[in-house]
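Engineer: Starting off with a structure, shown below.
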Amino acid sequence: MSALFIMKTLVHHQKIFSALLLWLVVFQVVAAGQEPVTVTVNGVTAIAETDDNFVCATLDWWPPNKCNYNQCPWGRASVLNLNLENPILQKAIKAFNPLRIRIGGSLQDQVVYQIGEHGRQCPTFRKTNDGLFGFSSGCLPMKRWDDVNHLFNETGVIVTFGLNALAGRQKTSDGLWNGPWDSSNARDFVQYTVLKGYNIDSWEFGNELSGSGVAARVDANQYAQDLITLKSILNDLYQNSSTLPLVIAPGGFFDQQWYSQLLENSGPGVLDVLTHHIYNLGAGVDPGLKSKILDPFFLSEIAQTFKDLQQTIQEFGPWSSAWVGESGGAYNSGGRLISNTFINSFWYLDQLGMSSTFNTKAYCRQALIGGNYALLNTTTFVPNPDYYSALLWHRLMGNKVLETTIDGSAYLRAYTHCAKDTTGITLLLINLSNTTTFHITVRDDVNLVPMEVSAESPQRQEYKLRPKDGNLVSQSMFLNGRPLELTEDGDIPPLQPTIVDGNKPIAMDPLSIAFFTLKDFQAPACA
């Protein structure tokens, strides 16, 4: 028997032994509630791109007596009565540097502006049986508008304002509002805003009037003609300005036929942004909210809406881009002790990640303050967990989106962007499993080798999020084991990462969320 034959035999048996050993290790890991997973990132080209200020929050019009399910969670959180001088509010906004804020909501199409013909009387919203959503028309005083803009100027807000799109129309018995838009009050208001030098990034036209509407609806062809009118008004009033605000619409629930007609009939050069709303978790009183939030298959269902909207824009209005103009998860003010707790970040961050892969440019969270889904506590202004989730996304995730695939469980969600203000990538991982710890290796899809193996021991920045005491409905969020709490001066706490050896696999505990910045990941798309 030759020495070469003996050597080949030994090598063959060694390979078999190594394979059996590897299988045994994997079996033991899985049996112990642990699972090795490979996350593959395509760093060569971006699959989508968001705006730099992708994260957006809303301010609504609801008065204190807006109630759902025997609770009234809005308090004094309206554009009309919010304490604009609250230092926590100011610091919470400033922390984004800048934050995009959209002013709008259900009562938007019943707001008149106290100027011009409406300059004398300025009624407040009151409950009535014959009004939309059970409320009468309300009024925005120009003094209040001045005060709001003072806050925005001081905190560097990027402003989107939703205009009343029902003015001058006549309501029919089936909920359709007929006739052309009366633009006179809106024109006076926009002109006042321009003369005051208030910086408005975009004007949105109408709220939830698309398709079958919610409390009211407008025909798509008529809506398109009104948008042409609005565009003409803005071209006229901003002709001496260095920038022209965007025209965005319709701020409603996606209806493919209606949205297609709107784009076709308004034509190029009119509608810059197509906005749609998402409340895919259902009613705020739904007892199944928590199970929906943690169900990866349920969370993925809304992807079809993003896909259909993207296709509609490509086919009928490639000059437009897509925004989520309003999304609170659960409608009717959100879920009490759910929408304002840690568990909601599983839904919220998954939405930010998913929508960005479909070229969504901005995502407006309902609401900055007010209701059960507020980023800030309506009474104390103290940030809820989703505030910190939003802030981490804003600071870590750049605007270029990279294709990311997972070879393991559907309960692990992964989204990757070019890192913001640094080299490499930032990876968002969401573990929806309540039993499995995932051990994750990050690979490049070109070389298909681990990108973090290096003799120089690269470092990885980790931002691991958990709830207090493991309670998913806790309103306290922990970052790397430390509570996220306002400082003694009421400042937003620093969001510091843990620096770890980049050669080690990433460990994701059950029911946890984490961001990872990999500065050494070579992604040509991020160069």
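Engineer: Go over the candidates Thr45, Thr40 one by one and state the one that is under 30 Å from Asp509 (Cα atoms), of a type in the set (S, T, N, Q) and either open to solvent by 20 Å² or more (accessible area, probe 1.4 Å) or in a helix (DSSP H, G or I) (or both).
Structural biologist: Checking each option against the conditions leaves just Thr40.
Engineer: Name the pairs whose Cβ atoms lie under 6 Å apart, with the first residue in the range 206-232 and farther than 27 Å from Gln191 by Cβ and open to solvent by 10 Å² or more (accessible area, probe 1.4 Å), the second of a type in the set (A, V, I, L, M, F, W, C) and not in a helix (DSSP H, G or I), and 6 or more positions between them or separate chains?
Structural biologist: Arg217/Leu176; Arg217/Leu209
Engineer: With Thr379, Thr341, Thr360 as the choices, which residue is within 12 Å of the chain's Cα centre (by Cα) and in contact (Cβ under 8 Å) with a residue 60 or more places away in the chain?
Structural biologist: When all the criteria are applied, what remains is Thr360.
Engineer: Given the residues Leu263, Leu271, Leu352, which is the only one that is crowded, with 17+ Cβ neighbours inside 10 Å, without any contact (Cβ under 8 Å) to a residue 60 or more places away in the chain, outside any loop (DSSP other than H, G, I, E, B) and not polar (S, T, N, Q)?
Structural biologist: Details: Leu271 fails: outside any loop (DSSP other than H, G, I, E, B); Leu352 fails: without any contact (Cβ under 8 Å) to a residue 60 or more places away in the chain.
The match here is Leu263.
Engineer: While we're here: Is the range 316-326 home to any residue that is in a loop (DSSP other than H, G, I, E, B), more than 19 Å from Arg365 (Cα to Cα) and either touching a Cys at 6+ places or on another chain (Cβ under 8 Å) or among the aromatic types (Phe, Trp, Tyr) (or both)?
Structural biologist: Among the residues of the range 316-326, at least one is in a loop (DSSP other than H, G, I, E, B), more than 19 Å from Arg365 (Cα to Cα) and either touching a Cys at 6+ places or on another chain (Cβ under 8 Å) or among the aromatic types (Phe, Trp, Tyr) (or both), which makes the answer yes.
Engineer: Could you count how many residues in the range 48-77 are in a loop (DSSP other than H, G, I, E, B), crowded, with 21+ Cβ neighbours inside 10 Å and out of contact with any helix residue (DSSP H, G or I) (no Cβ under 9 Å at 6 or more places or on another chain)?
Structural biologist: 3
Engineer: Take Ile16 and tell me if it is open to solvent by 30 Å² or more (accessible area, probe 1.4 Å), modelled with pLDDT under 95 and β-branched (Val, Ile, Thr).
Structural biologist: Against the criterion (open to solvent by 30 Å² or more (accessible area, probe 1.4 Å), modelled with pLDDT under 95 and β-branched (Val, Ile, Thr)), Ile16 qualifies.
Engineer: What residue, of Asn384, Asn372, Asn377, is over 29 Å from Asp272 (Cβ atoms), in contact with a Pro (Cβ under 7 Å, 6 or more places away or on another chain) and at pLDDT 95 or above? Outline the logic, then answer.
Structural biologist: Details: Asn384 fails: in contact with a Pro (Cβ under 7 Å, 6 or more places away or on another chain); Asn377 fails: in contact with a Pro (Cβ under 7 Å, 6 or more places away or on another chain).
Checking each option against the conditions leaves just Asn372.
Engineer: Being of a type in the set (Phe, Trp, Tyr) and under 24 Å from the mean Cα position of the chain (by Cα) narrows it down to one residue among Phe125, Phe133, Phe96; which is it?
Structural biologist: Result of the check over Phe125, Phe133, Phe96: Phe96.
Engineer: Scan the range 466-482 for residues that are outside any loop (DSSP other than H, G, I, E, B) and closer than 19 Å to Leu337 by Cβ and report the count. Outline the logic, then answer.
Structural biologist: Our first condition is that a residue be outside any loop (DSSP other than H, G, I, E, B); within the range 466-482, this holds for 466-470, 477-479, 482.
Cutting the leftovers down to closer than 19 Å to Leu337 by Cβ gives us 466-470, 477-478.
Number of matching residues: 7.
Engineer: Same structure again: What tally of residues in the range 234-256 results from selecting those that are surrounded by fewer than 19 Cβ atoms within 10 Å (Cβ to Cβ), touching a residue at least 40 places away in the same chain (Cβ under 8 Å) and assigned to a helix (DSSP H, G or I)?
Structural biologist: Qualifying residue count for the region: 2.
Engineer: I'd like to check something: does the range 432-455 contain any residue that is under 27 Å from the mean Cα position of the chain (by Cα), modelled with pLDDT of 95 or more, of a type outside the set (Ser, Thr, Tyr) and assigned to a loop (DSSP other than H, G, I, E, B)?
Structural biologist: yes
Engineer: Does any residue of the range 382-397 turn out to be buried (at least 21 other Cβ atoms within 10 Å of the Cβ), among the β-branched types (Val, Ile, Thr) and either touching a residue at least 40 places away in the same chain (Cβ under 8 Å) or not in a loop (DSSP other than H, G, I, E, B) (or both)?
Structural biologist: no
The values are calculated or read from the model by the stated rules, or taken from the named source; none is laboratory data. All values reported here derive from a predicted model rather than from experimental measurement. Neighbour counts run over all protein chains shown; Cβ positions are idealised from the backbone, glycine included. Note: areas computed on protein heavy atoms with side chains; ligands, DNA, RNA excluded. Shrake-Rupley method; radii C 1.70, N 1.55, O 1.52, S 1.80 Å.
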